[in-house]
Amino acid sequence: MNYNSLKGYQENLAIYLENVQETILIKALRKIIRIVSGFFFYPREVRPVFSERLVEYPLFYHYLSLEPGQRILDFGCVESLLPMQLCSLGYHVTGMDFRPYPFCHENFDFIQGDILKWQPPDSGFDAVVSISVIEHVGLSGYGDPKENRGDQIAVQKLFQALKPGGRLYLTVPAGKATVKGGWYKVYDTAAIRELVPGIEALRLFYKPTRYSTWREGTSGELDVLEYDDYGAMAFAQGVAFVVARKE
C-alpha cells in the first residue's frame, strides 16, 4: 500500500503504519528537513483546531439503534475508519466512494463509483450513514462529475437504499447558506429541512471562532454564522447532525 495515501488515517491514532520502507539517505534527509523546518519555519507554539469530527462520531453512535449483524451503508467512507469500527462491532457494512478504499474486513464490502450514476437496491440497508460528504457531491472537488443538484440526488438515492423504518444519519456544514467554489456547501436549517425528508432529530453545534471549542446551538445562532476561514483545513465552525427515518 502507498504510504502517502495512508498517512492521513494515522492522525486519529487508531492505526499505525509499520514496515514503511525508506533508504538510509531518505531517512537522513527527512530528519534533516524536520530539524531545519522546526528551527526556522515552524512556530514554537501551535493552536489546536477541533474539527467537527469531535461531535459527529459520538452523536452517530449515540443515535445508532441497530443490532450486530444488521446492514449499514457508509457513503463517502474514504479517509475514514468508521467502516472498520462498525465491522469490528459486528455490523455488515458496505462502503461507497468515488475514490478507492484501502482496508478490508470479513464484514465489509466496497463499491467504488459515482453515486449520481448508482442504482441503489430497494430496501437494501437497515441504516445509512454519511459523515460530512453530502456537501461535496456534484461540485467536482474530488474529481466527481459536476451536477448542480448533486446533494439532492445523493440523498434521494440513500433514502431509496433504506429498508422501510430504516434511518439515515448524516452531517453537513451548518451556518449561513453559501457555496464555496468547487469544494463544498454550507447549509442553514431551512436548506437542511428542504434537503432531507423525514427528519426525526436535528442537532446543531458550532464554534464562535475557529479556535473555540464546540457547543450546541440554535437555528437562530447557526443560520447567521459565518466562518473565520472558509479555505482552511478543518474549516467548519458549524455542523448539523441529522437523523431521518424512511416510512
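Bear in mind these aren't lab numbers, they're just calculated from the coordinates by the rules spelled out. Note that the structure is predicted; figures quoted are calculated from it, not measured. Cβ placement follows ideal geometry from the backbone for every residue including glycine, while neighbour counts extend to all protein chains displayed.
The set of residues in the stretch 191-231 that are more than 17 Å from VAL243 (Cβ to Cβ), basic (Lys, Arg) and free of Cβ contacts under 8 Å to residues at least 40 places away in the same chain contains only ARG215. Checked against (1) more than 21 Å from GLY76 (Cα to Cα); (2) in a loop (DSSP other than H, G, I, E, B), MET233 meets all criteria but (1). Condition test on SER132, is it surrounded by 16 or more Cβ atoms within 10 Å (Cβ to Cβ), in contact with a helix residue (DSSP H, G or I) (Cβ under 6 Å, 6 or more places away or on another chain) and among the hydroxyl-bearing types (Ser, Thr, Tyr)? Spelling it out, it is not the case that SER132 is surrounded by 16 or more Cβ atoms within 10 Å (Cβ to Cβ), in contact with a helix residue (DSSP H, G or I) (Cβ under 6 Å, 6 or more places away or on another chain) and among the hydroxyl-bearing types (Ser, Thr, Tyr). Note on the stretch 151-189: residues that are of a type in the set (Phe, Trp, Tyr) and more than 18 Å from ALA232 (Cβ to Cβ) amount to 3. Of all residues in the stretch 155-166, those satisfying the criterion of being in contact with a Leu (Cβ under 7 Å, 6 or more places away or on another chain) and of a type outside the set (Phe, Trp, Tyr) are VAL155, LEU158, ALA161, LEU162. Within the stretch 104-119, the set of residues being in a loop (DSSP other than H, G, I, E, B) and more than 16 Å from LEU86 (Cβ to Cβ) comprises GLY113, ASP114, ILE115, LEU116, LYS117, TRP118, GLN119.
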